[in-house]
Amino acid sequence: MSKEILKTLHKIPTHVAIIMDGNGRWALERGLSRLAGHKAGTENLREIIEASAEFGIKYLTIYAFSTENWKRPKEEIQGLMRIFKTMLDRELNNLHKNGVQLRHIGRLDGIGKELQKKVREAIELTKDNQTLILNVAFNYGGRDEILQAVKQIVANGVNVDDLDDDQFAKYLYTAESPDPDLVIRTSGEFRCSNFLIWQNAYAEWYFTPTYWPDFNRNELYQALVAYNERDRRYGKVKQDKEK
Ligand code: FPP
């Protein structure tokens, strides 16, 4: 995308979070297996990661596997685990070279040992990269995240009078990331599906009917154009007026 077109964007969201939905329907329409849809959804993911860095987005969070996805057929679950593994094997060096810092949000202990190891190694390898922080939500659920935060707070004996929004957020998986500014959901569904339910309190939402495997650089640009038209007030009357 040319620099001229990018200049039309006056504000770039610091943190974009994406619910990558519609892989199954994309595959069904082509007479392919659901797993073929998920595989296709990794191809455009590469383009979206690169475009995010190019647009100046600093944090990108992707919803790859939810705590509810365990209820899917066994073959699909195993396939998604394999896809994550393959993605790490194939893409890690390139991500590292491009300054992407990989982080994981969710329950790592719930997934296979080999995959856990690969994720830990990828986090370690990329920990000093600063071009783009990529949070991969894998075995992630928003309610689960809040519950584990509450349990830790109780276990640590935190004085409730010391607890406010900022303190609470330190116990979430996203403690090191600012709240999302923009959440994108593909495939024409209008739900939050247990995704970053604390963090998205003031996020702007963008919905597109496009299935995830077809969501490309230009679609991301369109989402940013829509974001530029939003007036974020955070409960106030006007963004620039202190009440
Ligand atoms: C939702 O589509 C998509 C998922 C549950 C998986 C998303 C995974 C990828 C895009 C692959 C990349 C993976 C990693 C680990 C980075 P759906 O299956 O619910 O689609 P449907 O609603 O059309 O059935």
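Being more than 10 Å from the ligand (Cβ to nearest atom), without any contact (Cβ under 8 Å) to a residue 24 or more places away in the chain and either under 14 Å from the mean Cα position of the chain (by Cα) or in a helix (DSSP H, G or I) (or both), is that true of even one residue in region 32-44?
To start, the set of residues in region 32-44 that are more than 10 Å from the ligand (Cβ to nearest atom) comprises 32-33, 36.
After this cut, where a residue has to be without any contact (Cβ under 8 Å) to a residue 24 or more places away in the chain as well, the list is 32-33, 36.
Narrowing further to those that are either under 14 Å from the mean Cα position of the chain (by Cα) or in a helix (DSSP H, G or I) (or both): 36.
So far as region 32-44 goes, yes, one or more of its residues are more than 10 Å from the ligand (Cβ to nearest atom), without any contact (Cβ under 8 Å) to a residue 24 or more places away in the chain and either under 14 Å from the mean Cα position of the chain (by Cα) or in a helix (DSSP H, G or I) (or both).
Evaluate the following for I57: is it of a type outside the set (G, A, S) and closer than 24 Å to K85 by Cβ? So I57 does not fit the description; no. Going through (1) in contact (Cβ under 8 Å) with a residue 60 or more places away in the chain; (2) surrounded by fewer than 17 Cβ atoms within 10 Å (Cβ to Cβ) one by one, L147 falls short only on (1).
Based on this model, can you work out whether E68 counts as touching a residue at least 60 places away in the same chain (Cβ under 8 Å) and within 19 Å of L88 (Cβ to Cβ)? Lay out the reasoning, then the answer.
Values: touching a residue at least 60 places away in the same chain (Cβ under 8 Å): yes; within 19 Å of L88 (Cβ to Cβ): no.
No, not satisfied.
Of all residues in region 120-128, none satisfies being more than 19 Å from the chain's Cα centre (by Cα) and among the polar types (S, T, N, Q). Here P178 meets the list (1) closer than 16 Å to S52 by Cβ; (2) touching a His at 6+ places or on another chain (Cβ under 9 Å); (3) buried (at least 19 other Cβ atoms within 10 Å of the Cβ) almost entirely, failing just condition (3). Residues in region 1-31 that are assigned to a strand (DSSP E or B) and either surrounded by fewer than 12 Cβ atoms within 10 Å (Cβ to Cβ) or within 12 Å of the ligand (Cβ to nearest atom) (or both): I18, I19. If only residues of region 155-175 that are over 21 Å from the mean Cα position of the chain (by Cα) and surrounded by 10 or more Cβ atoms within 10 Å (Cβ to Cβ) are counted, the one that is nearest to L134 (Cα to Cα) is Q167. Only one of (1) farther than 27 Å from G56 by Cα; (2) crowded, with 18+ Cβ neighbours inside 10 Å fails for R107. Which number is that? Among (1) farther than 27 Å from G56 by Cα; (2) crowded, with 18+ Cβ neighbours inside 10 Å, R107 violates only (2).
The residue pairs whose first member lies in region 13-28 and is touching a residue at least 24 places away in the same chain (Cβ under 8 Å), whose second member is in a strand (DSSP E or B) and more than 14 Å from the ligand (Cβ to nearest atom), and whose beta carbons are closer than 6 Å, counting only pairs six or more residues apart or on different chains, are P13/L182; H15/Y59; V16/L182; A17/V183.
Conditions (1) within 15 Å of the ligand (Cβ to nearest atom); (2) not hydroxyl-bearing (S, T, Y), marked per residue:
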site	(1), (2)
E50	yes, yes
I57	no, yes
I62	yes, yes
I77	yes, yes
G106	yes, yes
G110	yes, yes
E124	no, yes
T131	no, no
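Computed from the coordinates by the stated procedures, all read-outs in this text should not be read as laboratory data. Being a predicted model, the structure only gives us computed values, none of them experimental. No Cβ is skipped: glycine too gets one built from the backbone with ideal geometry, and neighbour counts run over all protein chains shown.
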